[in-house]
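Structure record follows, encoded as structure tokens.
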Amino acid sequence: MEKVLELKNEIEKAQKICVFTGAGISCPSGIPDFRSADGLYNEKGDYEYSPEEMISHTFFVNNTKLFYDFYKSKMIYEAAKPNKAHIFFANLEKQYKRVSVVTQNIDSLHTLAGSTNVFEIHGSVKRNYCICCKEFYDEKYILECDGVPHCKKCGGIVKPDVVLYEEGLNQKTVEGAIDAIREAELLIIIGTSLAVYPAASFVSYFKGGKIALINKDKTDFDKRADIVIYDDIVNVIEKLEN
């Protein structure tokens with residue numbers, strides 16, 4: 001509780017806050033993570049390929065139908081809603097705080113909660129574009145298509161606006177995320193082991209005051225943080241709100 005009170009004090013003092021989030025912030029919304037013992041990467045599925053292979057650019061190009069079979073069943077959680085943590089940081093904006101969010105997640109729950117300055121460095125399942133004419137399609141269209149979704153306008157294949165393995169990050173999003181981290185007075189890292197690069201390297205750009213890290217398990221970054229809390233993020237938020 002002492003660490004939570006310390007974090008609460010830092011949040012109250014800071015005017016520029018950057019929240020850097022991973023899968024742990026969305027698990028309470030019913031979206032499983034990738035890398036834990038019971039996460040997607042360790043799940044015994046019905047496919048002969050590993051999850052990492054199936055969400056690669058090469059697999060998308062060469063096995064598009066199977067890619068979408070996996071993507072629709074394992075990567076999209078249409079019913080997921082923002083939880084208390086997403087809403088908490090969105091509400092900080094309403095208190096005239098300058099809150100930016102840099103997220104590794106592709107669920108867009110920060111945006112759905114009301115946060116307006118969000119950098120989705122791995123993209124979002126909510127956005128999909130024709131690879132030929134760039135026509136936009138939403139998540140519902142992808143789910144309702146039988147097999148590979150094709151563009152109504154030109155017939156091209158529709159691809160999720162998510163960063164697959166072998167693909168580079170969007171440079172404009174990267175620059176915005178780095179600027180948000182660099183300009184913040186307080187950096188709050190939530191629900192990530194900081195094991196995915198280059199995204200994890202972004203936190204090194206922080207030049208502000210305090211770094212808080214909230215995660216269920218220990219990370220290699222713990223020794224660099226000023227405040228470390230090992231707990232579920234929703235539990236922490238409930239204590240912050242009391």
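The values are calculated or read from the model by the stated rules, or taken from the named source; none is laboratory data. Just so you know, these numbers come straight off a predicted model, no measurement behind them. Don't worry about glycine lacking a Cβ; one is built from the backbone with ideal geometry, like all the others, and counts go over all protein chains shown. SASA here: full protein model, heavy atoms, side chains in, ligands and nucleic acids out. Shrake-Rupley method; radii C 1.70, N 1.55, O 1.52, S 1.80 Å.
A few comments on the model shown:
- Among all positions in region 52-62, there is no residue which is closer than 30 Å to Gly209 by Cα, of a type in the set (Phe, Trp, Tyr), at pLDDT 95 or above and not in a strand (DSSP E or B).
- Among the residues listed as Phe136, Phe119, the single one being closer than 25 Å to Phe89 by Cα and among the aromatic types (Phe, Trp, Tyr): Phe119
- Verdict on Asp161 being more than 25 Å from Ser204 (Cβ to Cβ) and either open to solvent by 80 Å² or more (accessible area, probe 1.4 Å) or not in a strand (DSSP E or B) (or both): no
- For region 75-95, the set of residues classified as touching a residue at least 40 places away in the same chain (Cβ under 8 Å) and either in a helix (DSSP H, G or I) or open to solvent by 30 Å² or more (accessible area, probe 1.4 Å) (or both) consists of Tyr77, Glu78, Ala79, Lys81, Pro82, Lys84, Ala85, His86, Phe88, Phe89, Leu92, listed by residue number.
- Every residue from region 1-17 that is among the aliphatic types (A, V, I, L, M) and out of contact with any helix residue (DSSP H, G or I) (no Cβ under 8 Å at 6 or more places or on another chain): Leu5, Ala14
- Region 167-217, subset basic (Lys, Arg) and out of contact with any strand residue (DSSP E or B) (no Cβ under 7 Å at 6 or more places or on another chain), residue most open to solvent (accessible area, probe 1.4 Å): Lys172
- Cross-chain or 6+ apart pairs with Cβ under 6 Å, region 211-240 first and in a loop (DSSP other than H, G, I, E, B), then open to solvent by 40 Å² or more (accessible area, probe 1.4 Å): Thr219/Ser193; Asp226/Lys210
- Any hit, region 190-199, residues being modelled with pLDDT of 95 or more, in contact with a Phe, Trp or Tyr (Cβ under 8 Å, 6 or more places away or on another chain) and closer than 15 Å to Phe20 by Cα: yes
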